[in-house]
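Since every read-out is calculated from the coordinates, none of them should be taken as a lab result. Note that the coordinates shown come from a computational prediction; the quantities given were computed from them, not determined experimentally. Cβ sites come from the backbone with ideal geometry, for glycine too, and all protein chains shown count toward neighbours.
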C-alpha cells in the first residue's frame, strides 16, 4: 500500500510577526502543550517508507491544525484575543495551505494508485490533568472502516513481535473518530483512504523504539496484509 506520512504537531515555532503574543510565557513553547515532544524523531525515522511526507513547523498554540475550523480550540489563549482579520491570516496563510496540500496529494495518490494509507505521527504526554496514561502506543482509527481496523490489528501484532513488552491500545488516549484531520479526510475520501493516527507516549520515544515502529510498518506496507 502507498504510504503518506504527516506530522501536524512536529514543531514549536511561531512566525516572527506573531512572536509578541507569546512574550509573556515563552517557556510554554518548550512543553507538550506547544508540540508533540519526540514526534519529530519518529516522523523522520519513517520518512523512507513514505511516498509523500508533510510536517508542520509551527506550534499548535499558534493555530491547531488537527482541529476543524469550527472547533473552540482552533485558537489557543494566546491567539484567541486576535482580531477577526488577524485570525483570518492564521487560517489562510498557515492552516489552509498545509491541510490543502496534504488533501490534494491524497487525491492524487488515490487517482494514481487506487488507495492510500495516511499515517499521522503524534506523541502523548504520560500524565494529563493528573491522570496516568496507561499505554505505550495508541492507534486511532474509525472502527467502521475495515482497512483501518485491519491495519491497527496487524500493526499491534508486528510491533509486539519487535517488543512483546509494549502495551498497545486501540483508540487511546483519544477516539479516532473525534474531531481531527484524519476524521475530516475520511469524509473527503470515502473510498481509497485509510487514516491512522499513531500516538506514542513521549517518554518512550527512543532510537530503539523508532526502529521497531519502522520495521513493523515496513512489513505491513510491503505485504498484502493490509
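Quick look at the numbers
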item	result
Label-point separation, residue 101 to residue 113 (7 Å along Cα→Cβ), nm	1.9 nm
Protection proxy ranking, peptides 104-115, 186-197, average beta carbon neighbours within 10 Å, highest first	186-197, 104-115
Footprinting exposure proxy for 200, 121, 150 (fewest neighbouring C-beta atoms within 10 Å first)	150, 200, 121
Fully extended contour minus Cα-Cα distance, from residue 44 to residue 127, at 0.36 nm per residue	27.4 nm
Sequence of 124, 62, 78 once ranked by neighbouring C-beta atoms within 10 Å, starting from the fewest	78, 124, 62
Highest to lowest packing among 133-146, 4-17, scored as the average C-beta count within 10 Å	4-17, 133-146
Value of D in µm² per second that Stokes-Einstein yields for the chain, Kirkwood Rh from Cα pairs, at 20 °C (1.002 mPa s)	119 µm²/s
Percent antiparallel among DSSP beta bridges (both partners in the chain, rounded to 5)	20 percent
Helix 96-113 axis, angle to the chain major axis (alpha carbon atoms, nearest 10°)	20 degrees
Alpha carbon centroid spacing (whole Å) that separates the range 12-43 from the range 82-140	16 Å
Cα-only Debye scattering, the range 106-226: base-10 log of I(q)/I(0) at q = 0.10, 0.11, 0.16, 0.21 Å⁻¹	-0.30, -0.37, -0.77, -1.24
Residue order, fewest to most surrounding Cβ atoms within 10 angstrom, among 83, 125	83, 125
Cut-off 18 Å (backbone N to label point 7 Å along Cα→Cβ of residue 153), residues of the range 92-135	none
Sites residue 26 and residue 89, calculated FRET efficiency, Cβ-Cβ separation with R0 30 Å, nearest 0.05	0.90
Max mean-square fluctuation residue, GNM over the chain, Cα-Cα springs under 10 Å, options 46, 185, 82	82
